[in-house]
């Protein structure tokens, strides 16, 4: 077990290092932030002075090594726009992102569980096919487009819910539903396939032979075994949700890390972009690591992989 933990932790560290390296070089493609920070009439001397003050006059490799050293101690510099610690600005937005992602995660699991059980308890193949097709059609619709449709219907026409911002639970419904329904097709397909595999097992035939009802066989015997793959994928998908809230936060003006990163990219605020990427990647890696370790505890065979 110890070797398994060390191997997974090492892989996590390498993943974070790779993400930080990619982010550092990719943000440079957005252009020179000095051009945005200085007025149009700025002279070459002004530009050179600003570039020196920001440390952008150093060779790229020197900037990269300095960035890695500072990231290791949690110092990601000051925001070029707000003149505040970049990491502090990102951490202020983390609760909003966690609130949205966790709500969508729980909502998606509950919906998949309820609909999946309904599909299995029903003897109608047409009903099961119709549910799956609706879920697949939803997954085929881009998140930003579905979010706009939700705003148009429930906020503009029906005026039931607010369309933008963060506040009470009514502000959370539309963005959470947008994310949760997008993941529903994946969960349903996995849950349905897992229950289908369990249905072929000998213990299921034995239970039916003893005269147990279909509902009892599914809920008491098949369900516990079928939940393990769903829980595993759902746990891994939670990290994806945390990183994938960027579009949803932008559409609904949700004040999370994703929206902050988008705004900072347009403003070429490199320190904030890099701090946001670091925080998101750390959360993603930690969640994946925890899921791996829990799965290894549940199924010892995983430790040999």
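The values are calculated or read from the model by the stated rules, or taken from the named source; none is laboratory data. What you see is a predicted model; the values in this text were computed from it and never measured. Every residue, glycine as well, gets a Cβ built from its backbone with ideal geometry; the counts of neighbours run over all protein chains shown.
If you check residue 136 against the conditions, is it touching a helix residue (DSSP H, G or I) at 6+ places or on another chain (Cβ under 9 Å) and surrounded by fewer than 16 Cβ atoms within 10 Å (Cβ to Cβ)? It is true that residue 136 is touching a helix residue (DSSP H, G or I) at 6+ places or on another chain (Cβ under 9 Å) and surrounded by fewer than 16 Cβ atoms within 10 Å (Cβ to Cβ). Say whether the condition of being more than 20 Å from residue 165 (Cα to Cα), in a helix (DSSP H, G or I) and at pLDDT 80 or above is met by at least one residue in segment 287-297. Looking through segment 287-297, none of the residues is more than 20 Å from residue 165 (Cα to Cα), in a helix (DSSP H, G or I) and at pLDDT 80 or above. Residues in segment 240-251 that are modelled with pLDDT under 75 and either surrounded by fewer than 22 Cβ atoms within 10 Å (Cβ to Cβ) or over 11 Å from the mean Cα position of the chain (by Cα) (or both): 240, 243, 244. Might you check whether a residue that is under 26 Å from residue 99 (Cα atoms), within 20 Å of the chain's Cα centre (by Cα) and surrounded by fewer than 19 Cβ atoms within 10 Å (Cβ to Cβ) occurs anywhere in segment 211-227? No, the conditions are met nowhere in segment 211-227.
Filtered by the rule that a residue be in contact with a helix residue (DSSP H, G or I) (Cβ under 7 Å, 6 or more places away or on another chain) and within 25 Å of residue 290 (Cα to Cα), segment 190-227 gives 190, 191, 194, 225, 226. Checking 146, 113, 154 one by one, the residue that is surrounded by 12 or more Cβ atoms within 10 Å (Cβ to Cβ) and modelled with pLDDT under 85 is 113 and no other. Cβ-Cβ distances below 6 Å connect the following pairs, each with a first residue in segment 89-100 that is closer than 16 Å to residue 278 by Cα, a second residue that is at pLDDT below 90 and not in a helix (DSSP H, G or I), and a separation of six or more residues or different chains: 89/79; 93/256; 97/256.
Suppose the filter is without any contact (Cβ under 8 Å) to a residue 60 or more places away in the chain and closer than 25 Å to residue 263 by Cα; does residue 71 pass it?
Spelling it out, it is not the case that residue 71 is without any contact (Cβ under 8 Å) to a residue 60 or more places away in the chain and closer than 25 Å to residue 263 by Cα.
Exactly one residue out of 93, 51, 120 is surrounded by 15 or more Cβ atoms within 10 Å (Cβ to Cβ) and at pLDDT 85 or above, and it is 93.
The residues of segment 58-76 that are farther than 18 Å from residue 26 by Cα and in contact with a helix residue (DSSP H, G or I) (Cβ under 9 Å, 6 or more places away or on another chain), listed by number, are 74, 75. A count restricted to segment 77-93 and to residues that are on the phi > 0 side of the Ramachandran plot and in contact with a helix residue (DSSP H, G or I) (Cβ under 8 Å, 6 or more places away or on another chain) stands at 1. For residues that are in a helix (DSSP H, G or I) and farther than 14 Å from residue 90 by Cα, tally how many sit in segment 255-267. Here the count works out to 1.
Residue 175 meets the conditions (1) at pLDDT 85 or above; (2) in contact with a helix residue (DSSP H, G or I) (Cβ under 9 Å, 6 or more places away or on another chain); (3) farther than 13 Å from residue 254 by Cα in every case but one. The failed one is (3).
Does residue 287 satisfy being within 27 Å of residue 142 (Cβ to Cβ) and in contact (Cβ under 8 Å) with a residue 40 or more places away in the chain?
yes
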